[in-house]
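Below is one structure, written out as structure tokens; the observations come after it.
The values are calculated or read from the model by the stated rules, or taken from the named source; none is laboratory data. Predicted, not measured: the structure shown is a model, and the values here were computed from it. FYI the Cβ positions are ideal-geometry reconstructions off the backbone, even for glycines, and counts take in every protein chain you see. Note: accessible area is taken over every heavy atom of the protein model, side chains too, but ligands, DNA and RNA are not part of it. Shrake-Rupley method; radii C 1.70, N 1.55, O 1.52, S 1.80 Å.
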Amino acid sequence: MSLSTSEVARRQFLDFFTSRGHEEVSSSSLVPNNDPTLLFTNAGMVQFKDVFTGQASRAMARATSAQKCVRAGGKHNDLENVGRTARHHTFFEMLGNFSFGDYFKADAIAFAFELLTKRYAIDPSRLIYTVHTSDDEARQLWKKVAGVGDDRVIGLGDKENFWAMGDTGPCGPCSEIHYHQGDDIPCPEVAAGRACQGPACDCDRWIEIWNLVFMQLEQLRGQERRPLPRPSVDTGMGLERLCVVLQGVRSNYETDLLRPLIDRASALARKPFVPTDYTGASVSLRAMADHARATAFLIADGVFPEKTGREYVLRRIMRRAVYHGWLLGIREPFLAGLTDIVVDTMGGVYGELTERRGLILEVSDQEERRFRDTLDRGLKILDQEMTGAAGQIPGALAFKLYDTFGFPLDLTRVVASDRGWQVDEAGFEAAMSEQRQRGEFHGSGEAAVEGVVQTLARVLGPTTFLGYETVRASSRITALLAGGRSVDSVEPGSGSVTLAVAATPFYGEQGGQVGDAGEIRVAGGGGVMRIAEVKRPVSTLYLHGGEVTSGRLKVGDEVELLVDEERREAIRRNHSGTHLLHWALRHVLGAHVAQKGSLVAPERLRFDFSHFAPLTTEERRKIEELVNERIRANVVADTQVLAMAEAKKAGAIAFFGEKYGDVVRVVTMGESKEFCGGTHVARTGDIAFFKITEETGVAQGVRRIEAVTGAGALAHVQRIEAELDAAGDRLRASPFEVADRVEKMLVELRDRDREIEKLKRKLAAGSGRDLLAEVRDIDGVKVLAARADVADPKALREVADQLKDKLRSGVIVLAGVEGDKVALVAMVTPDLVARFSAGKIVGEVARQLGGKGGGRPDMAQGGGAQPERLEGALERVYELVRG
């Protein structure tokens, strides 16, 4: 065995399988595009799931990939173990080879043994193989291929060696390949006086490096399983674990994939990394390295830290990294620096890291700074709690710190322990259980595809889309749905109807672009159906939804499909405008800008993008100018169909969250070049005019622009003009004088407001009577409870302040009445606050008036809604002081 860098090991794996007839497939996004049940892509087979289940097909019969994976939520969640073991991660890479009904066990086992022992030169005497106890075929194949006896092929049960995609679906036995690291590694079984369990043991003497899954069965409802007609192979080998073996180290964190991050964190913390330390500082160093990788890759795939779903998981990962740095004494932001190393070391393999470097660094830095502020607030709250003798931090408080401020329970324990305090962890868990669903994953929000639709997709095959070339076409009805079930015919009164055809010019909603509308008519006269929406619940199937307006439509009818052309043109203008907007945003704001969501409708466009501050007036104006310059240039909107690799090489930008195949459409309009399956104008001049209507924030680090084009933009400008003309009429000014006239009026209003405030204070202070003359002496305390002639709370406070200064020592309560509302202010001079509380006094007076109030001991405010009871309420002040 020779030492190998991770880059070489990854390349050798892919080259080995491509030389054996496998098509190399790029890693899919960490956000699953074809599985709303998954939080993150957690295995290499995820992007091929539809192929394995028969819901989709690919031209290839064999594939190989290096897939980026995250296991930090849902069923597969290793987050809590990260740093405390040699092999747990939130982010990792999975190498895999796949057979879609092509080769099976014999070739899979032969390929694996050859790659490991020949290409990687791993000593075969250090390998051992596990199979399912029922899989005698795999057992005999291993004995033959590896030349070993029964002692090196171990049978294990369902827990270890049977794999299932879910409660139903493809499943089958698996075979795992384990590497013996050495008996000098500690084993808890041996420490307890028992024998090491070998590959079935939980120690690190044996490391599982490859799992070969043989999908040969289908799990039906209940316990029944039946053989699959075309057995398949799905394998997965963790690159980190492979590198442990190839690089001669004992843990994933010592490989070249993670050691540069460990070393950087160690230098920042000024603490050494000890590979055998699983309780001290090295735990934090491992966590910081792992979490930096997950952070960089998730942000590159469009996930930003937020409060729900996968965004909440990323926030937890990032804040755990910062927390571990804090534990090691790192008091300055460091996470962006670590993610920068991730980009440097892995950007050559995963180009999205390099492309979105600025975005990764910005999001990492901002989230860390926010959390550091949170840490400071949390520590102050704990300081206030831990006064006096040592005690226990209430569970409710610990949970509030965790849930509201993102303050880790571990950190609460550390801070409490340093002061000799404990944490009520049972109370914490009770509070946590009440909000457990907050962190649970209930699907991505995509609608689950109903069984009838999946069946249609399989039976009908793909719908041919004609909409790039035409808005009118002829086709044949292949299916009708009414009331959620398949029917042979529909007519007026059938309610909401869904129709499928062999070929369609109607665009199906996807990529933010809404579906087309229009009509479908039976050829030669007959039934007519008004189409309100077109959906693509399965990417290959177009379903037209609407109502039958006349006649009858039945399966097999030849029909004419007529897209609402005016509506389509409006959509085209807005979609092309979106592309130009995206380019202009990147040009003006920077390369960190990336699409985070969009809506392309006939009447408007909406574009969500990554940015961290509201647009300035100048930025907004510049963006509009750039878009309209490109519109006036009237360049051709060029469309090419390219292989994915060729499209990326050409510099095309992919939208976050979109699913792309091996072949993609690239739309180019001047400097704008993007992957896009939508419909567009022929030339940019067709957009006519672009106008931003609104710019807002929608989430942390995400801004939203709404805009209009063409006739919609003209209508928007005309509406603004009409409003400006109306304002000018009222102000008796031309449209270009309105701003100056308004500014002049605002100055005048501010001057008048100041004069009114001054008069109010004079009125309240004078009011035709001397308020100080109404002061009473209550047991040696000067008390004034009176009604003033103003109800403005600010004026009341100023008058009370003046009276307090003159009184020097005493209690003052003033009330102002306006209509049925009473405003109250109470003040107590400093020498009396130990005896009387303004907050309590004003609260009692307000209660008498059917209201409430409160505040500090020296000053408080309140109000009520029963002015008829004011005299008695003010008398209550004297009683309170006397009491």
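Just tell me which lysines come within less than 17 Å, Cα to Cα, of Lys622; anything on the same chain fewer than 8 places away is out.
Output for Lys622: Lys691.
Roughly what would the spin-label model give for Asp488 and Gln866, points 7 Å off Cα along C-beta, in nm?
The modelled label-to-label distance comes out at 7.7 nm.
Just from its helices, what would the mean residue ellipticity at 222 nm be for the chain, if runs of 4 or more DSSP H residues each count -39500 (n - 2.57) and the sum is divided by every residue, rounded to the nearest 500 deg cm²/dmol?
-12000 deg cm²/dmol
If you place +1 on the Cβ of every Lys and Arg, -1 on the Cβ of every Asp and Glu, and leave all else neutral, what size is the dipole of the chain about its Cα centre, to the nearest 20 Debye?
840 debye
Got a number for carbon plus sulfur as a percent of segment 807-883's accessible area, 1.4 Å probe?
C and S atoms contribute 47 percent here.
Enter the angle in degrees (range 0 to 90, nearest 10) between the Cα long axis of helix 395-405 and the first principal axis of the Cα atoms of the chain, meaning the one along which they spread out most.
Here the helix axis deviates by roughly 80 degrees.
Choose one of Ile631, Thr478, His592: the residue whose Cα lies farthest towards the positive end of the charge dipole of the chain (beta-carbon charges +1 Lys, Arg; -1 Asp, Glu; about the Cα centre).
His592
With r defined as the distance between the Cβ atoms of Glu625 and Val414 and R0 fixed at 45 Å, what FRET efficiency is calculated, to the nearest 0.05?
Plugging the Cβ-Cβ distance into 1/(1 + (r/R0)^6) gives 0.25.
What accessible area per residue comes out for the chain, rounded to a whole number of Å², with a 1.4 Å probe?
Ligands and nucleic acids excluded, the result is 45 Å² per residue.
When the accessible area of segment 53-198 is split by element with a 1.4 Å probe, what percent falls to carbon and sulfur?
The C+S portion of the solvent-accessible surface of segment 53-198 is 46 percent.
Cα atoms only: what Rg and Dmax, in Å, come out for segment 601-681?
According to the Cα coordinates of segment 601-681, Rg and Dmax are 14.7, 41 Å.
At 7 Å along the Cα-to-beta-carbon direction for both Asp183 and Arg331, put a label point, then send me their distance in nm to one decimal.
Those two pseudo-labels are separated by 5.2 nm.
Where a Cα-Cα gap under 20 Å defines reach, which aspartates and glutamates qualify for Lys821, not counting those fewer than 8 residues away within the same chain?
Answer for Lys821, where 20 Å is the Cα cut-off: Glu757, Asp789, Asp792, Glu798, Glu844, Glu868, Glu871, Glu875, listed by chain and number.
Report in % the part of the accessible area of segment 586-700 that belongs to carbon and sulfur, leaving out ligands and nucleic acids; probe 1.4 Å.
49 percent
Could you tally the net charge around Pro186, taking each other residue with its Cβ under 12 Å from the Cβ of Pro186, Lys/Arg +1 and Asp/Glu -1?
-3
Show me, for segment 680-690, the HN-Hα J-couplings you get by feeding each phi into the Karplus relation (A = 6.51, B = -1.76, C = 1.60, θ = phi - 60°), rounded to Hz, glycine and proline as x.
For segment 680-690, the Karplus curve yields 9, 5, 6, 9, 4, x, 5, 5, 6, 6, 10 Hz.
Just to confirm a number: summing +1 for Lys and Arg and -1 for Asp and Glu over residues other than Val131 whose beta-carbon lies under 15 angstrom from that of Val131, what do you get?
Overall, the nearby charge balance is -3.
Which whole-Hz ³J(HN,Hα) couplings does segment 83-100 yield from phi under the Karplus relation 6.51 cos²θ - 1.76 cosθ + 1.60, θ = phi - 60°, glycine and proline marked x?
x, 9, 9, 7, 9, 7, 9, 8, 10, 7, 10, 10, 8, x, 10, 9, 10, 9
Could you name the aspartates and glutamates whose alpha carbon sits less than 16 Å from that of Lys804, not counting residues in the same chain fewer than 8 places away?
Cross-link targets: Asp770, Glu774, Asp777, Asp831, Asp858.
In sequence order, what are the phi-derived ³J(HN,Hα) couplings for segment 829-841 according to the Karplus relation 6.51 cos²θ - 1.76 cosθ + 1.60 with θ = phi - 60°, rounded to whole Hz, with x for glycine and proline?
Values, residue by residue: 5, x, 6, 10, 5, 6, 9, 10, 10, 4, x, 5, 5 Hz.
Going down the table (Lys596/Lys673; Lys68/Lys118; Lys400/Lys794; Lys49/Lys159; Lys380/Lys852), which pairs top 28 Å between alpha carbons?
Details: Lys596/Lys673 17 Å; Lys68/Lys118 26 Å; Lys400/Lys794 35 Å; Lys49/Lys159 22 Å; Lys380/Lys852 30 Å.
From the list (Lys596/Lys673; Lys68/Lys118; Lys400/Lys794; Lys49/Lys159; Lys380/Lys852), the Cα-Cα distance tops 28 Å for Lys400/Lys794; Lys380/Lys852.
Applying 1/(1 + (r/R0)^6) with R0 = 30 Å to the Cβ-Cβ distance of Ala164 and Ala645, what FRET efficiency is obtained, to the nearest 0.05?
0.30
Of all the Cα-Cα pairs you can form in the chain, what percent are over 50 Å apart? Don't skip to the answer; put the middle values down first.
Working: 154896 of 389403 pairs.
Summing the P(r) tail past 50 Å for the chain gives 40 percent.
Give the angle, between 0 and 90 degrees and rounded to the nearest 10, that separates the Cα long axis of helix 451-460 from the longest principal axis of the Cα atoms of the chain.
40 degrees
How would Lys691, Lys118, Lys852, Lys535 rank on accessible area, largest to smallest, probe 1.4 Å?
Ranked list, largest accessible area first: Lys852, Lys118, Lys535, Lys691.
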